[in-house]
Amino acid sequence: KTLTGHSKTVYSVAVSRDGKTVVSGSYDKTIRVWDISTGTCTKTLTGHSKTVYSVAVSRDGQTVVSGSGDSTIKVWDISTGTCTKTLTGHS
């Protein structure tokens, strides 16, 4: 399958441990959560002000962590799509 939806280059992809979900981070400043079986985007996570260069999914599949060119790391609740923490300190 080809998952389409980002408007710019995709820099990072992670697959959940159960293999049902893909998470992608992009130059378009968003993180997308995908259902592998249907190929549909189930959530678009917004909040970074620059390119998202890295994404990871927690072992339990409930949390996404993203790293961005805006010098922040964000922690997301995958079920609600909300940012639960923003970690700063990189420059």
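When the Kirkwood hydrodynamic radius is evaluated over all pairs of different C-alpha atoms of the chain, what value in angstrom, to one decimal, is obtained?
Numbers: mean 1/r = 0.0779 Å⁻¹.
Its Kirkwood hydrodynamic radius stands at 12.8 Å.
Let me check something: with ligands and nucleic acids excluded, how do LYS29, LYS20, LYS43 order by accessible area (1.4 Å probe), largest to smallest? Walk me through the intermediate numbers first.
Working: LYS29 90, LYS20 135, LYS43 60 Å².
Order by accessible area, largest first: LYS20, LYS29, LYS43.
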Notebook entry, point to check: If you average the sequence gap of Cα pairs under 8 Å that are 6 or more apart and divide by the length of the chain, what percent do you get for the contact order?
Noted result: 21 percent
Margin query: Explain nothing, just the number: dipole magnitude of the chain about its Cα centre with +1 on each Lys and Arg Cβ and -1 on each Asp and Glu Cβ, in debye rounded to the nearest 20.
Written below: 80 debye
Checklist line | Rh (Kirkwood; distinct C-alpha pairs) - the stretch 20-59, Å | finding: 10.5 Å
Item checked: For ILE78, distant residues with modelled amide H under 5 Å away -> THR63, VAL64
Next item on the list: Given the options TYR27, TYR53, TYR11, state which has the largest fluctuation in a GNM of the chain using a 10 Å cut-off (strictly under) for Cα springs.
Entry: TYR11
Next item on the list: Any chance you could look up the accessible area of HIS6 with a 1.4 Å probe, heavy atoms only, rounded to 10 Å²?
Entry: 40 Å²
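I'd like the carbon and sulfur percentage of the solvent accessible area for the stretch 23-91, probe radius 1.4 Å, heavy atoms only, ligands and nucleic acids excluded. Present the calculation step by step, with values, prior to reporting the outcome.
Numbers: 1780 of 3540 Å².
Heavy-atom surface of the stretch 23-91 belonging to carbon and sulfur, 1.4 Å probe: 50 percent.
The values are calculated or read from the model by the stated rules, or taken from the named source; none is laboratory data. Just so you know, these numbers come straight off a predicted model, no measurement behind them. Glycine gets a Cβ as well: all are built from the backbone with ideal geometry, and neighbour counts include every protein chain shown. With ligands, DNA and RNA removed, areas are computed over all heavy atoms of the protein, side chains included. Shrake-Rupley method; radii C 1.70, N 1.55, O 1.52, S 1.80 Å.
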